[in-house]
Amino acid sequence: MKSAFPALKPLLLSGLLAMSAPALAINCAKASTAVDKLICADKKTVAADAELNRAYQAILKQAPDDEIRAMLVASQKRWLQARDRALDRLLTDADAVPDDKSAGEIARDLIQNRSAQFKEVAKGSSTPSIIRRAQQQRQFQSQFTGGAYAGYWTTCDVLPRDYNDYACFAIRHYQNHDRVCSVDESWASGAVYTKRYVANVVNGKPKVIASCSFSSADEACATVADTRANWNRQPKMPQYVYADEPLPKLDGEIDASDDADWVQACLTDPAYPPAP
């Protein structure tokens, strides 16, 4: 399945470090956009926005280093963009508003859910889950060489229908020497679709040598050594999978834990994928 987000441009880490932290609480005295005015029209939503700002500033202070802080800044910037896209859609298309909620109620729910996301911690841990996932990603990646094609190409949006779910999906690249193993995950029509690519770097560019896809209804290439996997060993080179600029190496909003086993095999076994 083709990625739903082929036009997404990667963010350079240097640019992230230069960004000032967005998402200060809205100044309702200067509200100018339709979204700002929607938020400012309700006292409870204004209070929720102020609480979000406190939660955001608190998680920034817990960032252990500049790379993770830059990741948090970037993730909040894209959340704001996704929130505004969703609310603009609801404000301009009355038919898009769910029957059981108003656009204002959806705005408050989105803001409160984002605050909860920043405050979420795993049982027995005081580290926010977003930071903890980024640290786990870093630890996993440390066993490989990395390289120009390693990183996360992420896009996030507020999913339609009830407009209460904010979700992120990513093309995830792992590199060890001249081997690049990638997962292209996207959402469409209420389902998650995944495609995997195995590539070798030739003359400085990835050359795909095998690919396969699966979804919740098709687990053909979901396991590491499944010889029934329907690997295409003469794939066409995808046009959108490999970014032409460096990608962020961490993204705490992406749970990539399911990648570990197959990435380990793919990056360390020159003969991967297994012969049918």
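Since every read-out is calculated from the coordinates, none of them should be taken as a lab result. As the structure is a prediction and not an experimental result, all values here were calculated from the model. Because the Cβ atoms are built from the backbone with ideal geometry, glycine has one as well, and the counts that use them run over all protein chains shown.
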Where Rh is the Kirkwood radius over Cα pairs, Rg/Rh for the chain
1.00
Please give the FRET efficiency for GLN135 paired with VAL201, using the beta carbon to beta carbon distance and R0 = 30 Å, rounded to the nearest 0.05.
0.65
Given a 10 angstrom Cα cut-off, can you work out which residue in ARG233, ARG132, ARG114 is the most mobile in a GNM of the chain?
ARG233
Restricting to Cα pairs under 8 Å and 6 or more apart, the percent relative contact order of the chain works out to 20 percent
222 nm [θ] for the chain, helices only, -39500 (n - 2.57) per DSSP H run of 4+, per residue, to 500?
-11500 deg cm²/dmol
Work out how much length ASP65 to ASP269 would gain on full extension: take 0.36 nm times their residue separation and subtract the Cα-Cα distance, in nm to one decimal.
70.1 nm
Highest first, please rank the peptides 94-101, 37-44, 116-123 by the mean number of other Cβ atoms sitting within 10 Å of their residues.
37-44, 116-123, 94-101
For a Förster distance of 35 Å, can you work out the FRET efficiency between the beta-carbons of ALA191 and CYS28, rounded to the nearest 0.05?
0.30
Roughly how big is the range 13-134's charge dipole about its Cα centre, with Cβ charges of +1 (Lys, Arg) and -1 (Asp, Glu), in debye to the nearest 20?
420 debye
ASP99-ASP244 pseudo-label distance in nm [points 7 Å out on the Cα-to-Cβ vector]:
4.9 nm
In the range 135-268, if the dipole is taken from +1 on Lys/Arg beta carbons and -1 on Asp/Glu beta carbons about the Cα centre, which of MET237, GLY151, ALA256 is farthest to the positive end?
MET237
³J(HN,Hα), Karplus 6.51/-1.76/1.60, whole Hz, each residue of the range 235-241, x for Gly, Pro
x, 6, 6, x, 8, 10, 6
Can you tell me the 0 to 90 degree angle between the C-alpha axis of helix 66-92 and the longest principal axis of the chain, rounded to 10?
60 degrees
Please pull out the direction-averaged projected area of the range 135-268, using the convex hull of its alpha-carbon atoms, in nm² to one decimal place.
8.6 nm²
Most positive-pole-ward Cα, GLN175, ILE209, ALA188, against dipole of the chain from beta carbon charges:
GLN175
Relative contact order [Cα under 8 Å, 6+ residues apart], the range 13-134, whole percent
32 percent
Could you tell me how many degrees, from 0 to 90 and to the nearest 10, lie between the Cα long axis of helix 43-62 and the main elongation axis, the longest principal axis, of the Cα atoms of the chain?
40 degrees
Using only Cα atoms, find the angle between the long axis of helix 103-119 and the longest principal axis of the chain, and express it within 0 to 90 degrees, rounded to the nearest 10.
60 degrees
Computed magnitude of the charge dipole of the chain (debye, nearest 20; Cβ of K, R +1, Cβ of D, E -1):
540 debye
Which of the pairs LYS77/LYS101; LYS44/LYS77; LYS30/LYS77; LYS123/LYS249; LYS44/LYS123 have their Cα atoms more than 28 Å apart in this structure?
LYS44/LYS123
Residues VAL180, VAL35 in order from fewest to most other beta-carbon atoms within 10 Å are VAL35, VAL180
